[in-house]
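Every number in this text was worked out from the coordinates using simple rules, so none of it is lab data. Predicted model only: the values in this text are computed from it and were never measured. Positions of Cβ are backbone-derived with ideal geometry, glycine not excepted, and every protein chain shown enters the neighbour counts.
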């Protein structure tokens, strides 16, 4: 069986198309496990994983915890709000104290871009990036691409994927751009000029400011929320005005001369970027994304654990 090429999953930028395809193939196997009456495999028995979340999270944290339990790993959950970080302890000291308890893998979300790369250079554990600031969120991009693959077929070459919303402050968007381009997709960013960073064209991403034109162009529309908590100034006049020009309703989808797939990484601001009737329509695969998140994260954990075993075994 092919081996994952990296010791860590720090971002989609660092992995190859072969790595992505290997994750998808492995996720296919684990998705079958999740359909069984007993949804568990002993694949990571004896492996200890620490979940370190320095930012709030619901879906990603629960998805990782469930993936770890399905693989029979031992887990330790860490929340910065109730830790010694509040007393001034450094990130490296925090992690080293956890590693002293013989932890093999670390799943971490951190507000500082590059925090995972820093850790990977200083500690002997496999690191998985569960989101670093506005930089990357690799497992979300992987589960998004996996979900698209289920809808459009395994070969995504030439498929048109639009990502709409607050691209400027989204780690999901950047990881998706890297992932989709590596899979051969045509990619478009949609939103007001103030929310679209200038580097997009350098990534080979098309830019569009008209949501109707984007809907007509794409095969898949992945919608992001406005991340007001990451904005230190106002990038749009108001949520009401944003919704007027960029909010997507079921009527807009039904008026298209083709069927498209509607996605959202969550949390959804109903009535802002998506109307409730669009969220609950047959176009939406949002709940499929949630389900696929567990299988995809199981695949990442398993492949990194196998890579770690081979590395330790040859050391």
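How would you rank 114-126, 7-19, highest first, on the average number of other Cβ atoms within 10 Å across their residues? Before the final figure, lay out the partial values.
Values: 114-126: 17.3, 7-19: 18.9.
Per-residue Cβ counts within 10 Å, averaged per peptide and sorted highest first, yield 7-19, 114-126.
Please give the peptides 261-271, 169-179 ranked by average Cβ packing (other Cβ atoms within 10 Å per residue), highest first, as a rough proxy for protection.
Details: 261-271: 18.6, 169-179: 25.4.
For the peptides 261-271, 169-179, the packing ranking is 169-179, 261-271.
Listing 68, 186, 32 from the residue with the fewest other Cβ atoms within 10 Å to the one with the most, what is the order? Could you put the intermediate results ahead of the total?
On the way: 68 23, 186 19, 32 10.
Ranked by crowding around the Cβ, least crowded first: 32, 186, 68.
Against the longest alpha carbon principal axis of the chain, how many degrees, from 0 to 90 and to the nearest 10, is the axis of helix 59-70 turned?
40
Only Cα pairs under 8 Å and at least 6 apart count here; give the relative contact order of the range 138-287 as a rounded whole percent. Display every interim value, and only then the final one.
Details: 254 pairs, mean separation 34.7, N = 150.
Dividing the mean separation by the residue count of the range 138-287 yields 23 percent.
Take the Cα of residue 121, step 7 Å along the line toward its Cβ, and report every residue of the range 9-43 whose backbone nitrogen sits under 16 Å from that point.
It comes to 10-11, nothing else.
Taking the mean number of other Cβ atoms within 10 Å as a proxy for protection, how do you rank 143-151, 207-215 from highest to lowest? Intermediate results must be reported in sequence, preceding the final value.
Numbers: 143-151: 22.4, 207-215: 16.7.
Going by the mean number of other Cβ atoms within 10 Å, highest first, we get 143-151, 207-215.
Please arrange 296, 90, 75 by how many other C-beta atoms lie within 10 Å of their C-beta, fewest to most. Please list the in-between numbers first.
On the way: 296 28, 90 10, 75 19.
Ranked by crowding around the Cβ, least crowded first: 90, 75, 296.
Over the chain, what is the relative contact order in percent, taking alpha-carbon pairs closer than 8 angstrom and at least six residues apart?
Relative contact order for the chain comes out at 21 percent.
Does anyone have the angle between helix 286-314 and the longest principal axis of the chain? Alpha-carbon axes, 0 to 90°, nearest 10?
Approximately 30 degrees, to the nearest ten.
Roughly what would the spin-label model give for residue 57 and residue 282, points 7 Å off Cα along C-beta, in nm?
3.6
For helix 17-34, report the angle its Cα long axis makes with the longest principal axis of the Cα atoms of the chain; keep it between 0 and 90° and round to the nearest 10°.
For 17-34 against the chain, the angle is about 80 degrees.
For Rg and Dmax of the Cα atoms in Å, which listed value, (1) 19.5, 60; (2) 22.6, 81; (3) 20.3, 69, comes from the coordinates shown?
So the calculated entry is the one marked (1).
For the range 1-32 and the range 253-312, what is the centre-to-centre distance using only Cα atoms, to the nearest Å?
So the separation of the two Cα centres works out to 17 Å.
Grab the DSSP H runs of the chain that are 4 residues or longer, score each as -39,500 (n - 2.57), total them, divide by all residues and round the 222 nm result to the nearest 500 deg cm²/dmol. Before the final figure, lay out the partial values.
Working: 11 runs with 125 residues, N = 315.
Rounded to the nearest 500, it is -12000 deg cm²/dmol.
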